[in-house]
Amino acid sequence: MREFDSNQNDHQGSFSMLKFPVIASALLWVATSVSAANKPPVGSGPNPYSDCGIGAALFSKGPVWAAVTSNVIWDIGSTAITSATMSPETCNGSKVKTAQFIIDNYDNLAEETALGQGEHLTAMLTVRGCQASAHPTIVQSIRKDMIGNVTAASYSTLSDVEKATQYYQAMDAGVASVADSCSA
């Protein structure tokens, strides 16, 4: 009788060992099908070489081959591909150009934002595709957000890119407040 019990326990152990892969496979299948159902169709996103990366920022209104060539030369297109796959919403030419403009002109933009006007602010909002009539509203929104950012104790420890990122977020919030006055 003891031998039978031992075998029965062995079979239960084998059955338990079989349950794990079956359950794991079922969970993996469910996760994959849910994930696939939420993805846009293949080919519906931006073209990484022409719509994303530094090439798109520099040549958004130029010939497609210029953007592609720039992306390939810059870093074999890895930044453009990463942008297209991880954050395709950043592949819009005006948003990319605006972000690059902010990074390149942050000090001037910060000074002009404090004043409430200036040629760099106008240029940034023009690059972003905003109508001139919306500029004062956007600038006021940026000023409000940036006052909080600049007066934070941690501001002085931020890198230039982190400061530019905060500025971009403030600008983006301002643009959102007058979305009908700015292009996508």
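The values are calculated or read from the model by the stated rules, or taken from the named source; none is laboratory data. Remember, predicted model here, so these are calculated numbers, not experimental data. Methodologically, a virtual Cβ is constructed for each residue, glycine included, from the backbone with ideal geometry; neighbour enumeration extends over all protein chains shown.
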Close pairs (8 angstrom Cβ cut-off, 6 or more residues apart or separate chains): closer than 18 Å to Ala114 by Cβ and in contact (Cβ under 8 Å) with a residue 60 or more places away in the chain in segment 155-184, assigned to a loop (DSSP other than H, G, I, E, B) and of a type outside the set (A, V, I, L, M, F, W, C) anywhere: Met171/Arg128
Any pair with Cβ under 7 angstrom, 6 or more apart, that starts in segment 109-124 at a residue that is farther than 15 Å from Gly174 by Cα and ends at one that is of a type in the set (Gly, Ala, Ser) and surrounded by 12 or more Cβ atoms within 10 Å (Cβ to Cβ): Glu112/Gly118
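Within segment 65-122, count every residue that is at pLDDT below 90 and not aromatic (Phe, Trp, Tyr). Give the derivation first.
In the first step, residues of segment 65-122 are kept if they are at pLDDT below 90; the result is 65-104.
With the extra rule that they be not aromatic (Phe, Trp, Tyr), the set shrinks to 66-73, 75-100, 102-104.
Residues in segment 65-122 being at pLDDT below 90 and not aromatic (Phe, Trp, Tyr): 37 in total.
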Selection within segment 126-135 - surrounded by 12 or more Cβ atoms within 10 Å (Cβ to Cβ) and free of Cβ contacts under 8 Å to residues at least 40 places away in the same chain: Thr126, Val127, His135
Residue in segment 140-184 that is surrounded by the fewest Cβ atoms within 10 Å (Cβ to Cβ), counting only those that are among the acidic types (Asp, Glu) and under 19 Å from the mean Cα position of the chain (by Cα): Asp160
Residues that are surrounded by fewer than 19 Cβ atoms within 10 Å (Cβ to Cβ) and not hydrophobic (A, V, I, L, M, F, W, C), drawn from segment 95-104: Gln100, Asp104
